[in-house]
Amino acid sequence: MRRTMKSGLIPVLMMVVMVLLSFGCTSTVDVDRVSAGKNIDLSGSWNDTDIRTVSEELIRNCMKSSWYTRFTKENKRDPVIIVGNFSNLSSERIDTSIITKKMEIALVDSGKFGIVASREEREPMRDELMDQQIYANPQTARKMAMETGADFMLIGSVKTVTDQLKNTTVQTYYVSAELVELETTGKVWLDEATIKKVIKRSTVTW
């Protein structure tokens, strides 16, 4: 009789333990929606605020540079730019495609530049254009070999310098940008935006 009672209690006890464990592992998530333009620094690493800051500064300086006035005066039109790659030479994992897209947006919004699609973006467009030559009504099909050639390519890089002493770290980001004339490979504009952060981490003792 006792063995039967014990064997019957084992599944009940296991169920109780599982319920208690489930309560112990329960976690809640608190989410607050904030403005996309709000500056938030959690870890001290590269973030969206840094991207916005350097992109706006570099494009603003690019538009104020003398190369733009010289080009429009000589050619009687706005320059056409293709945005190339920005190399990540930093100590962090940085998606530089976000930087290039932010710069591309700023260039388009300025209304002072012609912007053409990147190499990766052009491939599906060319496929569509080829399909139109075969399947579309000739009156609506777009013509082949009518792409606008870029005058300049915008390229750049991200580098970091880290200085650390005990619980304090100084992290400096250098984001450089260069505008290269495609026909001559001459550099008509170069600039660099710098962000420096002082990160202090407290030591928790128990």
Next item on the list: Only residues that are in a loop (DSSP other than H, G, I, E, B) and either of a type outside the set (Lys, Arg) or farther than 30 Å from GLU192 by Cβ (or both): list them for segment 109-124, please.
Entry: GLY111, PHE113, ALA117, SER118
Item checked: Among (1) modelled with pLDDT under 90; (2) surrounded by 12 or more Cβ atoms within 10 Å (Cβ to Cβ); (3) part of a helix (DSSP H, G or I) - the single one MET18 does not satisfy -> (2)
Next item on the list: Considering only segment 76-108, state which residues are in contact (Cβ under 8 Å) with a residue 40 or more places away in the chain, closer than 20 Å to GLU147 by Cα and not in a helix (DSSP H, G or I).
Entry: PRO79, VAL80, ILE81, ILE82, VAL83, GLY84
Check: So is ASP127 closer than 30 Å to VAL198 by Cβ and surrounded by fewer than 13 Cβ atoms within 10 Å (Cβ to Cβ) or not?
Finding: no
Notebook entry, point to check: In the set LEU89, LEU58, LEU42, which member is over 23 Å from ILE155 (Cα atoms) and either modelled with pLDDT of 70 or more or out of contact with any Asp or Glu (no Cβ under 8 Å at 6 or more places or on another chain) (or both)?
Noted result: LEU42
Check: Is it fair to say LYS73 is free of Cβ contacts under 8 Å to residues at least 40 places away in the same chain, assigned to a helix (DSSP H, G or I), out of contact with any Lys or Arg (no Cβ under 9 Å at 6 or more places or on another chain) and surrounded by 13 or more Cβ atoms within 10 Å (Cβ to Cβ)?
Finding: no
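Residue-wise test of (1) modelled with pLDDT of 95 or more; (2) exposed (fewer than 15 other Cβ atoms within 10 Å of the Cβ); (3) of a type in the set (Phe, Trp, Tyr); (4) under 25 Å from the mean Cα position of the chain (by Cα).
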residue: GLN139; (1), (2), (3), (4): yes, yes, no, no
residue: GLY149; (1), (2), (3), (4): yes, yes, no, no
residue: ILE155; (1), (2), (3), (4): yes, no, no, yes
residue: THR162; (1), (2), (3), (4): no, yes, no, yes
residue: LYS166; (1), (2), (3), (4): no, yes, no, no
residue: THR169; (1), (2), (3), (4): no, no, no, yes
residue: VAL180; (1), (2), (3), (4): yes, no, no, yes
residue: GLY186; (1), (2), (3), (4): yes, yes, no, no
Notebook entry, point to check: Among the residues of segment 42-89, which ones are in contact with a Ser or Thr (Cβ under 9 Å, 6 or more places away or on another chain) and more than 24 Å from SER118 (Cα to Cα)?
Noted result: GLY44, TRP46
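The values are calculated or read from the model by the stated rules, or taken from the named source; none is laboratory data. Not measured: the values here are computed from a predicted model. As a convention, Cβ positions derive from the backbone with ideal geometry for all residues, glycine included, and neighbour counts pool all protein chains shown.
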